Amino acid sequence: HKMRPDRSDNHAFPSAHTAVMFANAAFVQRRYGWKFGVPAYVLATYVGWSRTYAKKHDWWDVVTGAAIGAGSSYLAMAPVSDGEHFGITASFNF
């Protein structure tokens, strides 16, 4: 329940937008290699920067979101959010 820098609400930590983008970038990099992974990470970084620039998050909200997103891709988990709630979903192949 951390207040956003623009004082609009108290859902700043972590950045769900950044988490989702970094989860996607990590998946693309693992699936298709660095040739496609680098542009995906650049786009994810831009999203994180834009969330800070728009004063929706502080830099540590974005860094934490990026770590959760990229880390979840390596753990076969994915962050989910409906705009109000944040969670993690997991799937496994047997």
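The values are calculated or read from the model by the stated rules, or taken from the named source; none is laboratory data. All values derive from a computational prediction rather than experimental measurement. Cβ placement follows ideal geometry from the backbone for every residue including glycine, while neighbour counts extend to all protein chains displayed. Note: areas computed on protein heavy atoms with side chains; ligands, DNA, RNA excluded. Shrake-Rupley method; radii C 1.70, N 1.55, O 1.52, S 1.80 Å.
Count, please, the residues in region 50-68 that happen to be assigned to a helix (DSSP H, G or I) and touching a Ser or Thr at 6+ places or on another chain (Cβ under 9 Å). Total satisfying the criteria: 10.
For region 10-51, a residue qualifies if it is open to solvent by less than 50 Å² (accessible area, probe 1.4 Å) and modelled with pLDDT under 90, and the qualifying residues are A12, P14, S15, A16, R51.
The condition of being farther than 12 Å from G69 by Cβ, basic (K, R) and either touching a His at 6+ places or on another chain (Cβ under 7 Å) or touching a residue at least 24 places away in the same chain (Cβ under 8 Å) (or both) holds for only one of R7, R30, that being R30. Within region 1-35, being of a type in the set (K, R) and in a helix (DSSP H, G or I) holds for R30, R31, K35. Considering region 17-71, the residues that are touching a helix residue (DSSP H, G or I) at 6+ places or on another chain (Cβ under 8 Å) and among the aromatic types (F, W, Y) include one that is farthest from I88 (Cα to Cα), namely F36. When residues in region 64-94 are screened for being at pLDDT 85 or above and closer than 18 Å to N10 by Cα, 2 of them pass. Of everything listed in (1) assigned to a helix (DSSP H, G or I); (2) surrounded by 13 or more Cβ atoms within 10 Å (Cβ to Cβ), the single unmet condition for P79 is (1). What are the residues in region 53-76 that are touching a residue at least 40 places away in the same chain (Cβ under 8 Å) and β-branched (V, I, T), if any? Listed by number, the residues that qualify are V62, T64, I68.
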